[in-house]
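In what follows, a single structure is set out as structure tokens and then discussed.
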């Protein structure tokens, strides 16, 4: 109720929704108008990532790149509480620290749920436009998308309540995101080298990091070209990555709660 008329909330929410629709439309158009009408169409056998057979993987993977927008909104909303001292006023007015932190964690959960619902609606729109029969094949990737959204949001909550200033929190989040991606790339290269030079396959070690764990669960649907390249890559140990992604969600939830409850507001 407090944020529904907040202009920043409305702008980011609109951009996020349009961004998901537009990014998926671009991918849809590329495959429909370019790849399937080119010489690659014979190898791909008219592969359409938005058929119901593939749509949940495609939409979840493509939309995952836009989760930075609700994260940015979450950081702004939480740090504003510290900037304008409304957090202290809430405590003075009778809200307990547990209730205060529960509100922030619930907001992170609501953002993740709303993002997932937009992905589901987008998937239905594009899949029905292909004329294929309804299917829930690969719907687990929508669950993985929700896990990624929740993971990103809880990391944002922790950084926000730790640094308490919008500029610092946004900067720290993006610096951490970039640093982890660089480290993940190095670990993946190391994984590839280990597999090529020994009988041991460590899997994609970049997927064992906090943000990349949930990222690693999302992938674009397999096609002949991708399958050829994938045969040389380290094995995807999906169960291990799922366990790590859930662990990191619990970890950042605990760290965010502890930061609010144990430290000065």
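Computed values, structure above
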{"item": "Enumeration of residues in region 65-87 that are loosely packed, with under 14 Cβ neighbours inside 10 Å and modelled with pLDDT under 85", "result": "84, 85, 86"}
{"item": "2 or more residues free of Cβ contacts under 8 Å to residues at least 60 places away in the same chain: qualifying helices (runs of 4 or more DSSP H) within region 49-123", "result": "68-83, 86-92"}
{"item": "Subset of region 159-168 [surrounded by fewer than 24 Cβ atoms within 10 Å (Cβ to Cβ) and on the phi < 0 side of the Ramachandran plot]", "result": "162, 163, 165, 166, 167, 168"}
{"item": "Failed item, numbered, when residue 18 is tested on (1) modelled with pLDDT of 95 or more; (2) surrounded by 14 or more Cβ atoms within 10 Å (Cβ to Cβ)", "result": "(2)"}
{"item": "Subset tally (residues that are out of contact with any helix residue (DSSP H, G or I) (no Cβ under 9 Å at 6 or more places or on another chain) and closer than 21 Å to residue 159 by Cβ) for region 89-109", "result": "1"}
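The values are calculated or read from the model by the stated rules, or taken from the named source; none is laboratory data. What you see is a predicted model, and the numbers here were worked out from it, not measured in a lab. All Cβ positions, even for glycine, are placed from backbone atoms using ideal geometry, and neighbour counts span all protein chains on display.
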